[in-house]
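Here is the structure we will look at, set down as structure tokens.
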Amino acid sequence: MSVLASVQLLGAVVAIWLGVYAYRRRERPGMIWLVAVLFGDTVWMVAAGVNYASHSLVVSTAMLQIRYVGITVIPIALLFFALSYTGYDEWLTPWHRGLIALPALGALLLALTDSFHGLFYASVTPASNPQHVAYEYGLVAAPWIAYAFVIVVVATAAFVRYAIVAEDVYRWQTCTLAGAVSTSVVADALFFLPVPPNGFAITPLAILVSSAIAVAIISRFDFGRLVPATRELGRKELIEQMELGMVVRNADGLVVDVNPAAARILGYDTDELLGEQAPEALPNSDDPDVVQRLFTVDGVDRNVEVRTIQVGKTSGTTVITFHQMEDFTEIVSHDLQGPLMEIRGSADLAMSSGDITHIEHVLDAANRIDELVSDVLELSRIGPQLETHESVDLADCADTAWRHVWTPTGELVVETDQTVMGDPSRIQQLFENLFRNSVEHSSSAVGQPADTRSRGRDGQRFSAPSEGADERVRVTVGPLPEGFYVEDTGPGIAPEDQERIFEKGYTNSPTGTGLGLSIVRQIAVAHGWSIRVTEGREGGARFEISDAEFGGEPNPDDTPG
């Protein structure tokens, strides 16, 4: 037996071993497609080995045909494995799989029946080369070869794209897979180029190299146990920034994804969780959808509400989200301050003046409390997710929010007619917290709310200050190329505080809760916006919101308020 035949048959043995390993773990996402790839490898290498060992034209011709059982299976199964591994399961429906595999099935049938029509091999003649035959491709071979190259390149691109954005625990694993696939692509390309070893198919040898790389992956990564969870790569930054904790656990209980909020609540570093068994405190897959857990981190007990979501019916992947229950209490307490002050002030006015029209303000504030409790409860349970996504008029939304901010000495100026896409109630809540931050840090006066707003020149809107006010803060809402800003004429925010101003509980006011701007940031992140604070034109605070999606005409019936 020749050396080349021995190498091919040895490669087939390695492929069989790897195939058995993968088949025993076929319940894991993508493993069944890896089994198919290794099956194709085995058929191809066995056919090549027999071809090299035989000196019969009949046997060699038969092996040329049989090898296409493997050659047609490999690129299709490889693409399906790459799509499953990198999270593009929407392309793995029966319809898509059938459409992608149809050309391969046609090529296989034509290759196996070539002796009847000669469309795949135009001629096969004896030769003195290691394959013992010389052949020329027929009319249908070139289109199939081109299609197979495209399929393999797409699979490689999927691995490369995922490796660029993947966590460290996946990056080297994915790069190695991409390298293994690329080895076969280069080997196949050399066969068609006028460079040594021109005219000699070295792809089976490249498959042996790919098999060796796969063995290295198994040794280094325990391949198949850390298959990444399906996810939309475009939301990675949002998941990283959101305050809702998120852990993704696979069928073996290993953590395959975790965001910083989850690591912080659990008391771990992100690297300590990835690739390890999920903490025992997390619920099992058969636990109720919503449970409460008590976590003790650094001697401090944290009451956490945990939600468990199963991904698919058979994947075994579980997404676990959780948040600290005390966050809900703090946020409700903070956002209720404005309406409660409005109720007290309006009730005092009604009693002292006998004017019952002030009761309308009490009822409005009570309705606002009910709305706030519902909104914050929902926000605390589901995290920064948007219930609605529609066109919102910034001027109308800011105007409505200003009516809910209690200040006798404030003035609102709106210099934009922009509309943005988002959740009207959340954007109004964002404005309210920014406005309240401005007036509370600019004046300690307590009195009546600002007068009714009127429209100024050039479409600007403003609210006139109450009569008798000694000093006032002006809050301006204006446009930016990719969003909008809120700026005030107050004392501003010191540069050393600007980096921490959005941290939960951080405040430089002895009476502040440190939650208002944290809520603002959470709402901005939920919309996919970026927010930063800088110095305003008159020395006050300026909050700039960018990356907003501008919209069309808003629905007037959906205006919050």
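Spin-label model, Thr534/Asp370: points 7 Å from Cα along the beta carbon direction are separated by 4.4 nm. Peptide packing: for 90-97, 431-438, the average count of neighbouring Cβ atoms within 10 Å per residue gives the ranking 431-438, 90-97, highest mean first. Ranked for footprinting exposure by Cβ neighbours inside 10 Å, fewest first, Phe116, Phe484, Phe322, Phe149 give Phe116, Phe149, Phe484, Phe322.
With the highest mean first, a sort of the peptides 58-65, 268-275 on other beta-carbon atoms found within 10 angstrom per residue produces 58-65, 268-275. Between the amide H of Gly253 and any residue lying 5 or more places away or on another chain, no distance stays under 5 Å, with hydrogens modeled in the peptide plane. By count of other Cβ within 10 Å, fewest leading, how are Glu482, Glu342 ordered? Least to most surrounded, the residues fall as Glu482, Glu342. Within 14 Å, Cβ to Cβ, of Leu108, how many net charges do the neighbouring residues add up to if Lys/Arg are +1 and Asp/Glu are -1? Here the charged neighbours net out to 0. With the simple spin-label model, which puts each label point 7 Å out from Cα in the Cβ direction, the Asp417 to Glu390 separation comes to 2.2 nm. Exposure proxy shown here: for Leu57, Leu177, the number of other Cβ atoms within 10 Å sets the order, fewest to most, as Leu57, Leu177.
Could you give the length gained by full extension between Glu136 and Leu119, i.e. 0.36 nm per residue of separation minus their alpha carbon distance, to one decimal place?
Details: separation 17, 0.36 × 17 = 6.12 nm, distance 1.05 nm.
Full extension from Glu136 to Leu119 adds 5.1 nm.
Spin-label model, Val209 to Asp269: label points 7 Å out along the Cα-to-beta-carbon direction sit 3.7 nm apart.
Any read-out appearing in this document is the output of simple, stated calculations on the displayed coordinates, not a laboratory observation. As the structure is a computational prediction, the values presented were derived from the model and not from experiment. Please note: Cβ atoms are built from the backbone with ideal geometry, for glycine as well, and neighbour counts cover all protein chains shown.
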